[in-house]
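Read through the structure below, which is laid out as structure tokens, and then see the notes.
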Amino acid sequence: MSILVNEKKQTKEPYLRVEPSSINEENQLLKNSVSYLKAELNKFKELPLLVCEIRRVFKGKAVIRIPNGSYFYVNVSGNLDLSIGDSVLVEQRSLTIVQKLDKLGNFDIEDFIIVERPNTSWQSLGGLNKQIQELKEVIELPLLKPELFEKIGIDPPNGVLLYGPPGTGKTMLAKAVATSTNSTFIEIVASELVQKFIGEGAKLVKDIFRIAREKAPSIIFIDEIDALAADRLDIGTGGEREVQRTFMQLLTEMDGFKSLDNVKVIAATNRIDIIDEAILRPGRFDRLIEISLPDKESRKNILSIHSKSMSLDNIDFSHVAEQTEGMSGADLKAVCTEAGYFALRENRFQISSDDFIKAVSKVSQTDQEDNSFESMFG
Ligand SMILES: Nc1ncnc2c1ncn2[C@@H]1O[C@H](COP(=O)(O)OP(=O)(O)O)[C@@H](O)[C@H]1O
Ligand SMILES: [Mg+2]
């Protein structure tokens, strides 16, 4: 008994809250405790409910679509007010609809997208001058000065597809446009959308565009769009059909807005080779911007950006840039950090050219290990 009394002081469980000043109270306390634990136990025995979608509604009956894509004609318990497209909870054995789920509320969406107002300036990007110019024309200008386009009578694109190797600044570019236009930045990673939101992907896309309109001006950034828009031959399996449905919803949303709406979509991919051409039609992602690995001049630029706040001992960045052919912006950032570590290990606070050269070979080694790992298992 003393154990229970001790515990009572530490825990906040409701059944332990009463101070037992008499046997009766203590008795009551134990009774509460038993019923609480019984209720907890019952939770473990309960079968999970299926989350399904309403496709047709009849009197007391409905057609539902279960998560694997099959359709069933089932009973509705009680007087639920259902309409097509609602999410409902369905009992597993009888497939009876027992409860209507609130609209995929904000709680779910916010687990899967990142909404922010980024603070990335054009100046924090090294190289990419042509690409920045193009983004300014096709996204920034229409958002800031739509009247210009109306006057001249041309339609700016709804969407832009950035493609090129990883770590070359695609995400940064999208954030920089959002910053310069003071837009809400909504980031989705397509592969996560597909994996984690089975059965709800299409709905989620709809909700994302709704939020974007509410918080306009907005930039919707879809990273790894190849996960959603791969040109696939086999759409036989349930999972693939689901991805297809999500993809179709994306196209529908993009077809639905006028080009001078203040919502723009920027997508990114490392795999332009497998992208379904349907997304490149007019009114969708009708501008393709290639983001390639930086050339020597750009590498020099990126190196100085990332070492701006380091204390440097007369570094010849031209020379470092020459030694880093084939590296991405992300690699060059790693070079700067590694150079800092080489100095740190020798208790120096100034970073020397030698530190940079060592850092280059360290980072290129890591890159090669990554590549051989990929060629073995990728
Ligand atoms: N052109 C660039 N200029 C400056 N930094 C860059 C550049 N490209 C990449 N980086 C660095 O690499 C990181 C990853 O870049 P990111 O934009 O996520 O690449 P991607 O989206 O193309 O994979 C950035 O946070 C930045 O530090
Ligand atoms: Mg990225």
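Anything in segment 111-160 that is of a type in the set (D, E, K, R), part of a loop (DSSP other than H, G, I, E, B) and touching a residue at least 60 places away in the same chain (Cβ under 8 Å)? List them, or say none.
Arg117, Asp155, listed by residue number.
Can you give me the ranges of the helices (runs of 4 or more DSSP H) entirely in segment 266-378 with at least 2 residues that are over 30 Å from Ile222 (Cβ atoms) and among the aromatic types (Phe, Trp, Tyr)?
Per the criteria, 329-345.
Considering segment 329-352 alone, what residues qualify as being touching a Leu at 6+ places or on another chain (Cβ under 6 Å) and within 16 Å of ligand 1 (Cβ to nearest atom)?
The initial filter retains those residues of segment 329-352 that are touching a Leu at 6+ places or on another chain (Cβ under 6 Å), namely 332, 351.
Result: Leu332, single match.
No value in this document is a laboratory result; all are computed from the given coordinates. None of these values were measured; they are calculated from a predicted model. Heads up, the Cβs are rebuilt from the backbone with ideal geometry, glycines too, and the neighbour counts pull from every protein chain shown.
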